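The values are calculated or read from the model by the stated rules, or taken from the named source; none is laboratory data. Source: prediction; values computed, not measured. Glycine gets a Cβ as well: all are built from the backbone with ideal geometry, and neighbour counts include every protein chain shown. Accessible surface is based on the protein model in full, side chains and every heavy atom, while ligands, DNA and RNA are left aside. Shrake-Rupley method; radii C 1.70, N 1.55, O 1.52, S 1.80 Å.
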Amino acid sequence: MSSNAVRFSALGALLVLAGSFLSPAVQAQTVFRIVGPDGKVTYSDKPPPSAGETRGTSANAGPASAGASAGLPYALRQVAAKYPVTLYTSDKCGPCIAGVSLLTSRGVPFTEKTVTTNEDAEALQRLSGDNSLPFMTIGGQQLKGFSDAEWTQFLNAAGYPASSTLPPSYRRPAPAPLVRVAEAPARSAEGSAPAAAQPNPRPAPQVTPPATNPAGIRF
């Protein structure tokens with residue numbers, strides 16, 4: 001066991017877990033938890049068509065996006081586009097804070113996804129096959145748990161500079177929740193059952209104002 005990994009449970013408990021490495025590719029993405037008209041819950045990396053209000057913040061803008069990378073030096077922009085870094089964190093997670101500090105001090109542009117709800121925990125389990133935090137991806141590489149030496153080794157291999165080359169004007173994207181909850185659109189009129197005929201309302205009875213109401217005000 002190592003003190004450099006924190007486990008996030010669906011109930012929000014944080015436990016210690018050792019970091020490890022997996023090879024399957026995981027891309028930074030927003031995971032949508034979609035609740036259909038029939039109450040069925042599905043997960044997708046795409047929002048439902050014509051979805052209305054969504055709860056949460058869009059977290060799909062990675063460091064390689066135009067807005068986040070426009071002001072980066074050319075070499076750093078190329079590395080960030082080829083090997084984008086995404087860090088998954090949670091509140092009250094000491095190793096997560098250490099991971100953010102390492103990336104920030106080194107000048108690595110990265111996207112931070114927060115894991116705070118049961119939906120976030122389920123999505124993290126689907127992405128990494130585990131629920132340990134911090135969890136970081138560098139391109140297709142997965143790193144579980146914080147290790148200064150291991151993270152430095154992988155960042156070096158990806159080609160990130162050893163010290164910050166970020167311009168003073170650079171602003172890191174704000175952390176965003178891993179999961180956005182969206183309601184699926186209701187079925188169209190053609191695909192839905194016909195509505196039951198509604199009886200015509202009775203006309204309101206005519207009320208003659210009393211003689212003490214000379215203005216004739218009616219309610």
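Please list Thr116, Thr152, Thr86 in order of solvent-accessible area, largest first, computed with a 1.4 Å probe with all protein chains present. Kindly include the intermediate steps, with their values, before the conclusion.
Values: Thr116 75, Thr152 40, Thr86 0 Å².
Accessible-area ranking of Thr116, Thr152, Thr86, largest first: Thr116, Thr152, Thr86.
Taking amide H atoms as placed 1.01 Å from N in the peptide plane, the amide H of Glu112 lies under 5 Å from those of Leu87, Ala176, each 5 or more residues away in sequence or on another chain.
Modelled spin labels at Arg171 and Lys92, positioned 7 Å past Cα toward Cβ, are 3.1 nm from each other. Put a dot 7 Å past the Cα of Thr152, heading toward its Cβ, do the same for Lys82, and the two dots end up 2.3 nm apart.
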